Amino acid sequence: MTVVVIGGTSGIGREIARFRAERGDKVVITGRDAHRADTVAKEIGAARGLALDLSRPREIAAALASVRTVDHLVLAGISRDDNSVAEYDIDAALHLVTLKLVGYTEVVHTLRPRLHDGSAIVLFGGQAKERPYPGATTVATVNAGVTGLVHTLATELAPVRVNAVHPGVVGDSPYWSAKPDEVLAGLRARTPTGRLAAMRDVVDAVDFLLRNRSVNGVDLAVDGGWLLR
């Protein structure tokens, strides 16, 4: 089976690629930097790396030209953004909107002829769409847009399945693990399970969405019930 992980050189994307390579799948990972993508691919094994920048959608088709067949596609490329209405950064907003909504769509457009009836796609959103915070103006809007994108892609690409995973705070991810202990403790206290999501939890959720043949057009939250409090 061939798995393409867009944004597979770090964080959760890398863990997904490693998990599938260890399972014996052929994995293609992408990252903005060609050298890093190649290095990470070699570290993972059973993988190859390609340079691709989601924020430069006109270059995506050429970047993916060597990919022939796609069984599973994971769009895990994200960008952290802190943008408010009061101090609105238009360039930052355009970057994130382009990366996730236009970039994700162009990847699917490019790879569509290489998908087959049994293929499946997972897009990455996030729980800021449900619980915005100061500075989440663009993040919340774009992640809500991922839901709309899932619905239209699942309709247009049928019978190819398209779903989204929306992680909450992933405690052992590179971004969150660098936060002070008191910040993480406060977040755990607000989570009904008493623990934050881990990268392995998100990997497991993505694997479920890719493999379950009856799950389609779904937004799956992986947050330990954080939104309940």
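Side notes on the structure shown:
- Top of Val165, Val85, Val102 by mean-square fluctuation, Gaussian network on the chain, Cα under 10 Å: Val85
- A 1.4 Å probe run over the protein chains yields, for the range 103-163, 38 Å² of accessible area per residue, whole-number rounding.
- Cα-centred dipole magnitude for the range 27-148, charges only on beta-carbon of K, R (+1) and D, E (-1), debye, nearest 20: 380 debye
- Heavy-atom accessible area per residue - the range 20-63, 1.4 Å, Å²: 56 Å²
- Percent carbon-and-sulfur accessible area, the chain, ignoring ligands, DNA and RNA, probe 1.4 Å: 52 percent
- Computed from backbone phi, the HN-Hα couplings of the range 152-165 come to 6, 5, 4, 6, 6, 8, 3, x, 4, 8, 9, 9, 10, 10 Hz, rounded to whole numbers (Karplus: 6.51 cos²θ - 1.76 cosθ + 1.60, θ = phi - 60°; Gly and Pro given as x).
- Net charge dipole size for the chain [Lys, Arg +1 and Asp, Glu -1 on Cβ; Debye, nearest 20]: 540 debye
- Computed accessible area, Thr69, all protein chains, 1.4 angstrom probe, square angstrom: 70 Å²
- For the range 86-179, the normalised intensity computed at q = 0.13, 0.15, 0.17, 0.23 Å⁻¹ comes to -0.52, -0.67, -0.83, -1.19 (log10 of I(q)/I(0), Debye sum over alpha carbons, equal scatterers, no solvent).
- Partners of Lys26 within straight-line reach, counting lysines whose Cα lies under 28 Å from its Cα and excluding those fewer than 8 residues away in the same chain: Lys42, Lys100.
- Rg to Rh quotient for the range 1-134, alpha carbon positions, Kirkwood Rh: 0.99
- Base-10 log of normalised Debye intensity for the range 56-107 (one unit scatterer per alpha-carbon) at q = 0.17, 0.30 Å⁻¹: -0.62, -1.23
- Relative to the 2.2 N^0.38 Å rule of thumb, the chain has a C-alpha radius of gyration ratio of 0.98.
- Across the options His72, Val139, Pro57, the greatest Cα extent toward the positive end of the charge dipole of the chain (unit charges at beta carbon of Lys, Arg, Asp, Glu) belongs to His72.
The values are calculated or read from the model by the stated rules, or taken from the named source; none is laboratory data. Since the model is a prediction, treat every value here as computed from it, not as a measurement. Ideal geometry is used to build each Cβ from the backbone, glycine not excepted, and the neighbour counts take in all protein chains shown. SASA here: full protein model, heavy atoms, side chains in, ligands and nucleic acids out. Shrake-Rupley method; radii C 1.70, N 1.55, O 1.52, S 1.80 Å.
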